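Note sheet for the following structure.
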Amino acid sequence: MDTETAQLFVGLLTIAAGVGALTLVVLRVFAAAGNVGANRLGSSVSDSGVWLAWIVALGATLGSLYFSEVANFAPCRFCWFQRIAMYPLAVILLVGAIRKDPTVRWYAAPLAAIGGAISGWHSLIEWRPALDNGACEFQGPSCTFIWFREFGLSLANMALIGFLTILILLLVRFPARLDAPPDVSKSEPELEPSS
C-alpha cells in the first residue's frame, strides 16, 4: 500500500468512526426522549462499546506506526504524547473486552480524555500557529507542521476524533429497557373485596 492510499484509508476510517460516535450520541438523545427503537439500537451498539473502542484504539495505533515507520513521517513532540495515551488504550481495552470487565471504562476513559486534550491543543496550533509557544522546536519537527490533510483532517485531527470516539463508546450508556413491562412485584397488592 502506498502512502497516499494509506492516507485515504485512514481518513475514511476516521470519518466513519466520527459519524458512528455522533450517531450513538443522537441515539442516546432520542432514547432519553423515550424512543424505544433508538434505545434498542443504541443498547446493542453500547453493549459492544468496549470492543468497538478497542478497534478504534488499535486502528489509531497501527496507523501512527505506519506513518512513522513506513511512510517516515517524523512525529513531533505532541504526536509522542498522543501515542503515550493511545497505545496503552489498545492493550487495556482488549483486556477489558476479553474479560467483559464493566469497569474498564473508568480506567480507560481518563487516558482517552488526556489524549483528547493533547490532540485538541495540537489541532488548534496547527490551525493557529501563532498560539504555539515553541515547545516542539527543540525535538523533532514543529508541532505546527502538517504532513498531510485528508478530507480536511490532519493526523492531529484524526487522533482527536479517535480519542473522542473512544470516550463516547465507553461513556454513553442506555437505559436497560424502555419497553420492558413494569415490575409487578413492586406494585401494591390488590385487596380482596369484602363480602
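Out of curiosity, is Pro193 part of a loop (DSSP other than H, G, I, E, B), farther than 21 Å from Leu24 by Cα and at pLDDT below 90? Considered against the rule, which asks whether it is part of a loop (DSSP other than H, G, I, E, B), farther than 21 Å from Leu24 by Cα and at pLDDT below 90, Pro193 comes out as yes. Could you tell me whether Ala31 is under 19 Å from Phe163 (Cα atoms) and small (Gly, Ala, Ser)? Taking the combined requirement at face value, the residue does not satisfy it.
Return the residue satisfying two criteria in turn: it lies in region 1-12 and is buried (at least 16 other Cβ atoms within 10 Å of the Cβ) and out of contact with any Gly (no Cβ under 6 Å at 6 or more places or on another chain), and of such residues it is modelled with the lowest pLDDT.
Top of the filtered list is Gln7.
Of all the criteria given as (1) surrounded by fewer than 19 Cβ atoms within 10 Å (Cβ to Cβ); (2) farther than 15 Å from Ala159 by Cα; (3) not hydroxyl-bearing (Ser, Thr, Tyr), the one not satisfied by Pro88 is (2).
The values are calculated or read from the model by the stated rules, or taken from the named source; none is laboratory data. Just so it is clear, the structure is predicted and the values come from calculations on it, not from any experiment. Don't worry about glycine lacking a Cβ; one is built from the backbone with ideal geometry, like all the others, and counts go over all protein chains shown.
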